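Below is one structure, written out as structure tokens; the observations come after it.
The values are calculated or read from the model by the stated rules, or taken from the named source; none is laboratory data. Keep in mind it's a predicted model, so treat the numbers as computed, not measured. Every residue, glycine among them, receives a Cβ derived from its backbone with ideal geometry; neighbour counts consider all protein chains shown.
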């Protein structure tokens, strides 16, 4: 037979009610701060992730520019070597007019190197460099630009790595704050006061640890 209303009332009244007392405000503050912190970390994760992707794109662009400059530098260097070979052949054949013709058509960088090489009197001085394409004389502009582009690519790549690490760190803190939220939200579900305190204390501890890690991270707006 179903229990009488009086018996149900007695059963409800006989069940012990555990009061939160001072723990309720603490749980409310934990839930509020953890929610705000989670939103902030999610925003920072997105911002740093976008910055990492942007730096990675710049690094790739610089690397492509460096490769293009190196290829073009090799092509113009081949042209300079061919003209110089024709000059040497004309000079060896005692054809000064033809040698002058080729010498006048050197590119500016090759002409500068050629003049520096001629100043060493290579046809009489055995200690002179064998050709003008040594490092001290021949410095193609495209090679220098390629080296600069490679340095920029490396710098952007390192920056992308740092931004990516910051983004992942914010993800970790988001997980910690979500754990604190879980503890703060589930603590009232337990009947025993000591369990509530333990779960809430765990949530507060995780929250404090997450805030400490958050304080050490850079911020980007």
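At a glance:
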| item | result |
| --- | --- |
| The listed residue being at pLDDT 85 or above, crowded, with 16+ Cβ neighbours inside 10 Å, within 30 Å of residue 197 (Cα to Cα) and under 49 Å from the mean Cα position of the chain (by Cα), out of 40, 48 | 40 |
| Test result for residue 181, surrounded by fewer than 17 Cβ atoms within 10 Å (Cβ to Cβ), over 19 Å from the mean Cα position of the chain (by Cα) and assigned to a helix (DSSP H, G or I) | no |
| Test result for residue 171, in contact with a helix residue (DSSP H, G or I) (Cβ under 6 Å, 6 or more places away or on another chain), touching a residue at least 60 places away in the same chain (Cβ under 8 Å) and surrounded by fewer than 20 Cβ atoms within 10 Å (Cβ to Cβ) | yes |
| Residue 106 vs. criteria outside any helix (DSSP H, G or I), surrounded by 15 or more Cβ atoms within 10 Å (Cβ to Cβ) and free of Cβ contacts under 8 Å to residues at least 40 places away in the same chain | yes |
| Number of the exception - residue 156 against (1) surrounded by 13 or more Cβ atoms within 10 Å (Cβ to Cβ); (2) free of Cβ contacts under 8 Å to residues at least 60 places away in the same chain | (2) |
| Qualifying residue in region 124-140 (condition: in a helix (DSSP H, G or I) and either out of contact with any strand residue (DSSP E or B) (no Cβ under 9 Å at 6 or more places or on another chain) or closer than 30 Å to residue 55 by Cβ (or both)) | no |
| Only listed residue being at pLDDT below 85 and exposed (fewer than 15 other Cβ atoms within 10 Å of the Cβ), chosen from 151, 119, 127, 97 | 127 |
| Test: residue 73 is under 30 Å from residue 167 (Cβ atoms), assigned to a helix (DSSP H, G or I) and in contact with a helix residue (DSSP H, G or I) (Cβ under 7 Å, 6 or more places away or on another chain) | no |
| Filter pass, residue 84 being in contact (Cβ under 8 Å) with a residue 40 or more places away in the chain, over 43 Å from the mean Cα position of the chain (by Cα) and surrounded by 15 or more Cβ atoms within 10 Å (Cβ to Cβ) | yes |
